[in-house]
1. Springs between alpha-carbon pairs under 10 angstrom, Gaussian network model over chain B: which of B:T33, B:T91, B:T190 fluctuates most?
2. Please work out whether chain B counts as rounded, prolate or oblate from its C-alpha gyration tensor, where a ≥ b ≥ c are the square roots of the eigenvalues and a/c under 1.5 means rounded, while otherwise a/b larger than b/c means prolate and anything else oblate?
3. Using each residue's phi in region A:86-100, evaluate 6.51 cos²θ - 1.76 cosθ + 1.60 at θ = phi - 60° and report the 3J(HN,Hα) Karplus result to the nearest Hz, with x for Gly and Pro.
4. What relative contact order, as a whole-number percentage, does region B:221-329 give when Cα pairs under 8 Å and 6 or more residues apart are counted?
5. Got a number for the accessible area of B:V255? Probe 1.4 Å, square angstrom, nearest 10.
6. Order B:S282, B:S210, most accessible first, counting only protein heavy atoms with a 1.4 angstrom probe.
7. Could you pull out every residue, at least 5 positions away or on a different chain, whose amide H is within less than 5 Å of the one on B:L276? Hs are placed 1.01 Å off N in the peptide plane, and Pro or chain starts have none.
8. Counting Lys +1, Arg +1, Asp -1, Glu -1, what net charge surrounds B:G253 among other residues with beta carbon under 10 Å of its beta carbon?
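The values are calculated or read from the model by the stated rules, or taken from the named source; none is laboratory data. Computed from a prediction, not measured in an experiment: that's the story for all the values here. Because the Cβ atoms are built from the backbone with ideal geometry, glycine has one as well, and the counts that use them run over all protein chains shown. To get the accessible areas, we keep the full protein, side chains included, count just its heavy atoms, and leave off ligands, DNA and RNA. Shrake-Rupley method; radii C 1.70, N 1.55, O 1.52, S 1.80 Å.
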Amino acid sequence: MRSSFVSFTLNGEEKELLIAPGQRLVDVLREQCGAMGTRNGCGQGGCGACTVHVDAVPMLSCLVLAELAEGCDILTIEGAARDRTLHALQEAFVAEAATQCGFCTAGMIMAAKALLDRDPAPQREAVVEALSGNVCRCTGYEPIIAAVLAAAAMLARLPAAAA
Amino acid sequence: MTRLRGRGISAVNYPTGMNLGGDPSQALIHATTTGNFVVTLSSVDLGQGLRTIMTQIAAEVLGVPPESVIIDTADTDTGPHCMGTFASRATHRIGNAIIMAATEARNALLDVAGEELEVAAADLETDGDGRIAVKGVPGKSISVLDAALAAHFKYGRTISGRGIYLKPRSYPDFETGAMDPDSCQAHACTIAEVEVDTETGEVRVLKLTSAYEIGRALNPMMVEQQIVGGSWMGMSHALYETTEPYYPDRAHGPVDFAEYLMPGPADIPQYDAVILERPSASGPFGAKGIGEMTANSPIPAIANAIFDACGVRIDELPITPEKLLRALDAAAVAPRR
Ligand code: FES
Ligand code: FES
C-alpha cells in the first residue's frame, strides 16, 4: 500500500498532507500539523485525551485512521478560541480551577464543547454523561463538571453568534 | 436488595518532608537585563502547581510582580541540586531555598538602585509592581528594569542570589528512640458517608467532609484543588484501584484503562472541606505540605463507614464488591466477633 494525499480542514485551515496507510489521526495532528494540544494518552480508546471534533462529532483521534479524514472538517483545542478570545469553556476551566496537570484538559473541553453545541443548557446528568469517556487523574471531576455548567451559563448570557 | 448507610471518621498526622541522609534543596536566582528574575531549580512540577507556588514566593520576597518571575525547572544535569518532588516536601524545602536566594538577590537589586538614586539601600522599598522608591518619597524612584540595566551595563554587577534549605539528618536517640524525622506535621480529619448494597457488594461514597490543617494556604484555590482531587484519589484507592486484585497472584491484573478501575464523573461523592491555618515555624510563610495526605485521609474513613453500615471490617484494599460479599457471607455464618 502506498501513501496518499489526504485533504481536510483543520480549525478552518485547508490541509493537504501525504499520509501513510494506517497512520492515526492523533499522530497526524500532532506531528504533521503541529497541533500539539491534542494528547495521545492511551492510544486505544480508553482515556478520551485525544478527543477532537470530526464534522462536529466528538471522536477519539487515536482510533481514527487519518485517511478517513478526507474532506472532513476537524476541530481541535487550538480552534476552540477565536480571535484570541478564549471559548467560554476555557474561561470556565480557569475560573473553576478545573485543570491541574492539564493532560486531560483538551479532551475534556472538546467533549464538553460537543455537548454544549447540541445542548446549550444541559442538566448535571448530561454533563456527567458527556464526560464519562474522559479520564482525569488529578481534579476529582467535580471542578470539571462545575466548569461545564458555568460555561453553559456564560454562553446563555452571550449573543448567539459568539458561541 | 438492602441498602445500608454508614459513617466513618479518620484522623491523620502527615509529615512534611523526610529525614533521609539529610534533605537539601537549592535555588539559584538571577536578574536578566530586562529586569525579569529567573529562578533555576531542579524540582519537577507534577501538575500540583509547584511553579505557581514558587513564583508567588519569589515575587513576594523580591518585591516584584509575579509576571516578571520565570521558573526554570528540572534539568538535573545542569540545575542546582534538589532531592525531588515527593514526601509533600516541595513547598517547604524549595520554598525556603527560594526565600534565601530571593533575599540575597533583592539586596543586590537594592544596592544598585541605591547607587542610582544616591541613597542608602536600607532606605529603599519595592512596590511589588516593578518600581523601587525611597521610603516616604514615592516620587524618588527607579524601575526594576532600569536598575537591572544599570547593574549590567554601568556597574558590571550581577543581581543574583543563592539559596539552600537543608533538613539535617536526625539520628534516633539510643536510649529513647526519639528523633526529628520531619520538619513539621500537617493534620487532617475526614468524615465519609457511604451506602452499601448488601446484595451486590457495591459501595457508593455519598459525601467526604474534610478538615485540613496545613500551616498556611499559600494559594487557597490550589489547596482546594489538592483536597478535591485527593479525596477522589483516596476513594479510588479505597474502593477501585489495584494492579493485583488477587495479590500475590497476578491473575486478572488490569492491563489498560478499560480494565484498571477508577471512579468516573458519575461515581463521585459530594466533597466538602475546610482549611485551618496554624503556621509552622520552619515553613515558608508558615506553610506545611498538603500534597499526599489528601489521598490518605479518605481511605480509613471509608473503611470505617463500611463497618458502620454493615458490620464487616475489610482490612485489605481495595474494598471490592467481591471482598465485601464474602465478608458478609462469613459474618452471616459465624457470630460477629
Ligand atoms: S489516546 Fe485516544 S482514548 Fe486515550
Ligand atoms: S488535570 Fe491531570 S489528568 Fe486531568
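1. The residue with the greatest mean-square fluctuation here is B:T33.
2. prolate
3. Result, ordered by residue: 5, 5, 3, 5, 5, 4, 5, 4, 5, 5, 8, 6, 8, 9, 10 Hz.
4. The value is 37 percent.
5. Its heavy atoms expose roughly 120 Å² to the probe.
6. Order by accessible area, largest first: B:S282, B:S210.
7. B:Y212, B:E213, B:I214
8. Taking every other residue near B:G253 into account, the sum is -2.
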